[in-house]
Structure formats: structure tokens, C-alpha cells
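This report refers to the structure that appears directly beneath it.
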Amino acid sequence: MQNMREMLKGVLEGIVMEIISHGEIYGYEITKKLRSLGFEEVAEASVYALLLRLEKNKLVHITKKPSELGPPRKFYTLNERGHEELVAFWARWDFLRERLQILRLEEKENEI
Amino acid sequence: MKFSDEMKGKIRQFAKEQSQYYLEEAEMTYLEKLKYKTGQMRGQVAAKLSKLKKESNMSIEAQNDMMLYMSDYMNDLIEQGISEQEAFERAKEELKFRSETTDSANLQKRFAEYYENLDTAHYEAIGLFYAGFMFFGVSIGALTGFLGSGGKDMFYSGGWIDTLIGVVVGGIIGIGLGLISNAFILLKKK
């Protein structure tokens, strides 16, 4: 879907945390997963910056594994704090979705 | 896929330059912060600091992460049939640090709007107005000065100065009229 970039800015962290919660994954694999989900407009830099932020905020557990290029590759899993943050994200999402749905239905009822 | 040594060097250099922008200041060492803040003087300061500089572990990790991320992306592009050099250029463009503050977003939006609404015909019209009024002003000014000073008979015996004054005044009037027409075009555009 096009023109999603601005809208995604607020929820990308939650989406990436959800992807990480499904199992151990490395940076570029997350980007590929996002693309396969249809989020093609997500910039490569956004995921890289987001992973740095998740690490800085201590929301992920990192396992380093050797890579063919030299430096070790980081594999991410959610830690306890990350899981809590993900639960909070979905709660915020549900709240937002519910309110938007109410607004949408109200509008439709007014039209009728 | 394995990259050539030259390409590995380029990736390493790019990652070294860009990864620090992504790191928040709090995670950089004092010397890194200094290097970051000095902007264009970075090269000079870096030379002085090179002996003293001790990079934080976080900074090295961020560089390594970016190197791996970039090489993964490049491999992906190469698999799609893009050359190594092209893949590098594209990855560089994608991964280059861009400020995401509200101000910069607004500024970018305004720039985009400006360029979207930019019509070269307006600028051409403004140029033509200036040129037209200048020719008009200079001609009228020269003629008035020439005739006012006594015409051909007086031109060589001091009358040329009046013609010259007429040319200058006419030119100034032409610029003035050009500015007014410019203002009208700008107001019309709004």
C-alpha cells in the first residue's frame, strides 16, 4: 500500500517488536519480513535506527553469531521488558482502533 | 556473496561515517561528540584527535551493524540483477542519515511544495518584463537626453553627457518597472 510511510512512523516500533517476538531474527531479515507483509515503503534506514533504539532502551536480548563479513551478526529476541512494551503497544493499538471504529460508524449512521 | 576488498573498504567507511549520526549523543564518547558537532571542520579535528580517540563499544557495534545491514541489502539488490557498484550507491542513498525532527519534516514538505508549484514560465515572463522595460527605458532616456541637449549638433560638444544621463535614468526606470511587474506576477501566483 502506498503513502504509508507517515502513518507507519508511529507504529513501526510495535510492528518490529511483534516480528521479533515470533523468534530470533537479525536486522535485515526484519526488513524482508516487513516487505513480505506489504510494508514496502519502510526505508532501510528506519529499521536500522529502530533496532538501535530498541537496544538502547533495553527492550531486546542480543545474541551475536559469526558472520561471513567479519563482525559478528546480532540476532534479536524480546526480553521481559520488551514483551511488556509489546503488550502495552497492542493495548494502545486496540484503544486507537476501537475509537476510530466508533468514529467511523458514527459518521455512517449520520449519513443514514 | 563476497564483496571485493575495495567494496568492503567503501562499506566500512560509509558505516563509520553514518552510524555515528544514528547514535544518540549520550552513547558517544566526549571526543566523538566533539567530532560530531564540529561538522565541516571534522576532518581537521579528526586529525588532531586521531591519536587520542577511543571509540566506545556502542559506536563500534553500530558501525558493524550498519556494515552487515548494508551488505545484506546489497546482496539482496545484486540477486535482483543490479551491479555491485549500483547496489552500493543505492544502499548508500537509503541508509544515509536523515534528520527526522518535526522541523526538518516541515521544511522538506515546504521544499517539495515549492518545487511542485514551480513554473518556469513565470521566471521567463519576469525576465522578459525586465528586459523589455530596460530596453524601453534606455531608448526613451537616450532619445530624451539626445534631443533635450540639442540633438546631433550639440552631441560632440558636451551634449553626450545628457544622452548618457538619459540612458542611466531610463535604465533605472526600466528596472523599477521590472520590479513592479515582478511584484504583480508574485501576487498573481498567490
Checklist outcome for this item: Protection proxy (average C-beta count within 10 Å per residue), highest first, orders A:25-33, B:148-156 as A:25-33, B:148-156
Checklist outcome for this item: Checked chain A against the a/c 1.5 cut and the a/b vs b/c comparison, axes a ≥ b ≥ c from its Cα gyration tensor; verdict prolate
Item to check | Whole-Å distance, taken between Cα centres, linking region A:78-112 and region B:127-190 | outcome: 70
Checklist entry - Taking every residue in A:38-47, how many Cβ atoms of other protein chains lie within 10 Å of its Cβ, on average? => result 3
Checklist entry - Average partner chain C-beta neighbours within 10 Å, per residue of B:164-172? => result 0
Checklist entry - If you look for lysine pairs in region A:5-111 that are eight or more places apart or on different chains, how many of them have Cα atoms under 19 Å apart? => result 10
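Every read-out reported here was derived from the displayed coordinates using simple, explicitly stated rules and does not represent laboratory data. None of the values given here were measured: they were computed from a predicted structure. Neighbour counts run over all protein chains shown; Cβ positions are idealised from the backbone, glycine included.
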